[in-house]
Every structure is written in C-alpha cells, then in structure tokens.
C-alpha cells in the first residue's frame, strides 16, 4: 500500500518536473488567488475586531462646553448614575482629555505641541451596564438625557455605528463574492492547466490504457499532481500574504485604523494558515478532477 | 480463443466499417488480417481490445463475451493482450527499461520481479544493451522491438499487431517477424494486420482478408506453421 502510494507520488513529481512551466502556472494561479483572499481576510478580520471592541464599549459622551463647579458636575454624574441602564459615569476634564489624545497620537504627539488643554472640551462618559448594552437601550438613554436641558451636546455614535456595520456587511459580502470568484477562477485555471498537460501526454495516457491501466491507476498521478500543486500554491499564498502583511499591510492598515484607537494589526488567526494550505490542495485536487473527468473516459472507453 | 459472431461496426458517418463478420481463431494460431486501406483491419483489432464497441454482434475472447464488458473490466482484459502499433506508441520521456516495465507496473508486480522480467524480455529482442536509452535515441526497428518487448513482457495470451512492420525496412521486418514467430511458438495467439504481400509469402500463415468491411476470404496457410496449426479453424463470413 505504502509502496503503491510512493509510486504514484513519484510519478506525480516526475510529471511536474517534466512540465515545469505548466506546473508553475498552476501553482502561481492558486497562490495569487489565495493570497488575495488572505489579504481580504486580514482587512475584514481586523476591522471586525475593531467594531467588536467598539460594541463592547458602547458609551454616551456628554460634552460640557462650560465646566461648572466640580460639586455640580459630581451631582450631575450621580443623577445619571441612578439610571438602571447606566453602569458608570466618569468625568473627564479638559486636561485629561488632552493627555489622552496625546497618548493616542503616540509617535505623532508632537503634532499637538504648542496647543493647550483648552482645545478639547471636558465630558461625562456614560457606559452602559452589561445587560443593557444594545443600540436600542442606548437610544432610550440618549432620549432621556436630551429631555434634561443640562445635557444638550451628546455624542453616542449610533448612526455612525449603523453605517459601520453596513460597511462591514458590505465588506464581508464583497469579500466572500470576490473570494468565491477568485477560488473559482483558480479552479478553472488549474483544471485547464492540467488539461493542457494531459493533452501533452495523450500518448502516455493511451499507452497506459492499452496495457491495462485502470481508470484510477491512470488518474491517480494526475490527482496527486493537482493536489501537490495546490498545496504548494497554498503555501506560496501564505508566504506571499505574510510578506505583504509585514511590508505593506501592517503599515497602511495600521495608519488607517490608528484614528480608531487600534494600535496592533493582526495577521491571520492561527487556524487560517492551515486552511489556506489545505484549501490550495483542495482546489488543485478539484481542478484535476474536472480536467480528468472527460479525458480519461475518452482514453479508456 | 477468439470468436466473432455477425459483428458489425458503424460509425456516425453512416458507413459500415465492418459488415457481419463471423470468424474463429483458435488458441496458438497466427492469423494475417489483410485488405486495402479502409477495409476495416484496424477497426476489427480495436474491437478485440475494446477501444471500440461493435454496433451489432458478439465477440468472445477466451470464452468470455467481451461486448458486455463495462469500463471497469476492460483493463483486466487488456492485461492478457499484447498490442503493437505501426507508430510504436512508446513513451518518449521514458527509457527503454521504463517503457517495457510499464505494463508490469500497471499490474502492480513487485520491483525485483519487474526488473528480472524486463531484462529477460529485452534480451530476447536483442536490446538489453539499450536499457537506459530513450526511444528517440533508437532507430525505427529498435523502437518497434521495444514495442514488441512491451507487448510480450506480460506473456500475453493474444498478440494484436496493427501494421507493425509498416514503417520498417525489409531487413528489420524480418527481425520483427522472427520475434512474432517465437512468441507464437511459445503459445501466444497472434493476429497481425498487414498489407505486405511479400511478408505473407515469406511467412505463410492463415490469411483473413477484409474488403470494404466485409470478410472477403479466409484462406488456410499453404504451408503449416511452426506450431502446426489445424486446417479446421477458419470460417468464412459467407453463410
């Protein structure tokens, strides 16, 4: 059994050595398709993670243009704290807000040099209790606060969140559609590449059939070849996406997401690299199955 | 060994490639299949190794009706056949050794068994010194000898040869015929398609002549073959 498997593997490797250009084309196609898929996944997963963290921190901010006496502000905070939906109310002074902003800028903190804390308003940050953390509760609390003339400048980002969620949904749908399209394109190209190699080896297939090779015996080396090319393509896609992630994505995506408070951009989650390689193998196997479906029937009627 | 009953083969063009062929070939016989181009010689051979299916009629090989064979059984029938073509059909990217070893690999034989058998067979066709050569490094005659070795390496019950000497010069043709004769002497039934009258005169055997897809004549050999075939084996296609 093992000897037989080794025989088919040897023949598949030999086929690949004999048609290096076609093999490279198959591997390259799978690699590019899966690498693009991986880029999309990196972007979507990072943005998704970001919105998840925002979801956890659903909060209402009451900006205070004129900061009253500390005692009064504490009274306000106490009043709001009596709402059953509210977990905590924190007063953030102008100075604290400015410090926070400086920290968030990190290396670019020198941008605010020369500016004083007066540029930012003080605020009351209201966070919701765990059980009440939803958009509808947020709206109810905001409506209740609006009725109180003391709090007229409220920010809670509900509309923005909705838009972000819609954007994420669009990103996920278009990512899946593009991914599906890319995988399908890779499948077709791999199938056609293998078909080309089959045409080039028609004499060999005929000879195999004439000396009594069963359909499986004739097909197996090509199936192994397809799967091997796919696995190598998956591996190349992983390497390529990691390289692009290190050199380009991490910086560009990082600066895009900086303003949102995310400081680390993550590569694919641990299970993804394995999936990418196995997925490549699967594409290669399926591609060669398509190519062989009609071909071997013709050679061995 | 081989029996054909009212076999017809029609292609989609409408014309019949074979018309109502009834024929019997005994075990160990050597039969020439002759006739002009397009007479149906190759079609008849293709029916015997199941590359084509008859439109009508039955074919029995070794008392089994091969017209009923499905795709899964055909390979096992072919493992008992040796098939030789005019254009050799060797694997150009494989060495002489690998070409001859191929049918044994297909049958899943052990490696030491394969190497022993391949060497013996190549020695019998006089090519044991060409083991590592590729087909395109050999002459036409040598390539056909490799093809014969590939066909004989499995000790086939039946050897089907489609114009095997068509591309060869007379001297090499004689070499190939000697190989066929010795295989036949060892008990292999041989059906050889040819239109080389000189060859038939030099090696007289039973002649089955086809013309426009019909059985024209089925003549017994003027001289007995080396294996002493019987004169009762031939059947004409006429009722």
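No value in this document is a laboratory result; all are computed from the given coordinates. Just so you know, these numbers come straight off a predicted model, no measurement behind them. Because the Cβ atoms are built from the backbone with ideal geometry, glycine has one as well, and the counts that use them run over all protein chains shown.
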task: Using only Cα atoms, tell me the angle between helix A:2-18 and the longest principal axis of chain A; keep it within 0 to 90° and round to the nearest 10.
output: 90 degrees
message: Could you tell me the relative contact order of segment B:152-225? Use alpha-carbon pairs under 8 Å, at least six residues apart, and round to a whole percent.
response: 29 percent
query: Could you give the semi-axes, largest first, of the ellipsoid that matches segment B:165-225, computed as the square roots of 5 times the alpha carbon gyration tensor eigenvalues and rounded to whole Å?
result: 20, 15, 11
- prompt: In whole percent, what relative contact order does segment A:59-133 give with Cα contacts below 8 Å and a gap of six or more residues?
  reply: 50 percent
- prompt: Per the Kirkwood treatment, what hydrodynamic radius in Å, one decimal, follows for segment B:1-89 from the mean inverse distance over all distinct Cα pairs?
  reply: 13.8 Å
- prompt: According to a simple spin-label model (label point 7 Å from Cα along Cα-to-Cβ), what is the distance in nm between residue A:95 and residue B:219?
  reply: 12.4 nm
message: Suppose we keep just the alpha-carbon trace of chain A; what are its Rg and Dmax in angstrom?
response: 29.8, 99
- prompt: Binning every alpha carbon pair distance of segment A:59-133 at 10 Å from zero, what are the percents per bin?
  reply: 19, 41, 28, 12, 1
query: In whole Å, what three semi-axes, largest first, describe the equivalent ellipsoid of segment B:91-147 built from its Cα gyration tensor (square root of 5 times each eigenvalue)?
result: 19, 12, 8
statement: Rounded to the nearest 5, the percent of DSSP beta bridges in the protein assembly as shown running antiparallel is 65 percent
message: Relative contact order of segment B:91-147, please, whole-number percent, based on alpha carbon pairs below 8 angstrom and at least 6 residues apart.
response: 52 percent
field: Isotropically averaged projected area of segment B:37-106, using the convex hull of Cα atoms (one quarter of hull area), nm²
entry: 6.1 nm²
query: Between segment A:25-39 and segment B:12-79, what's the alpha-carbon centroid distance in Å?
result: 49 Å
- prompt: If R0 is 41 Å, what FRET efficiency do you get for residue A:154 and residue A:174 from their C-beta distance, rounded to 0.05?
  reply: 0.75
field: Dmax and Rg, reported as Rg then Dmax, of segment B:139-189 (C-alpha, Å)
entry: 10.4, 29
- prompt: Once both labels are modelled 7 Å past Cα along the beta-carbon direction, what's the residue A:143-residue A:131 spacing in nm?
  reply: 2.1 nm
- request: State the Kirkwood hydrodynamic radius of chain B in Å, one decimal place, computed from all pairs of distinct Cα atoms.
  value: 18.3 Å
- request: Give, as ranges by residue number, the residues of segment A:201-218 whose backbone N falls under 12 Å from the point 7 Å along Cα→Cβ of residue B:92.
  value: A:201-204
- prompt: Once both labels are modelled 7 Å past Cα along the beta-carbon direction, what's the residue A:200-residue B:131 spacing in nm?
  reply: 3.0 nm
- prompt: For segment B:78-190, what class follows from the C-alpha gyration tensor (a ≥ b ≥ c being the square roots of its eigenvalues): rounded when a/c is under 1.5, otherwise prolate if a/b is larger than b/c, else oblate?
  reply: oblate
field: Rounded to 10°, Cα long-axis angle of helix A:70-81 versus longest principal axis of chain A
entry: 50 degrees
task: Please give the FRET efficiency for residue A:255 paired with residue A:188, using the beta carbon to beta carbon distance and R0 = 45 Å, rounded to the nearest 0.05.
output: 0.75
task: Please state, rounded to one decimal and in Å, the Kirkwood hydrodynamic radius that the protein assembly as shown gives when every pair of distinct Cα atoms enters the mean of 1/r.
output: 29.9 Å
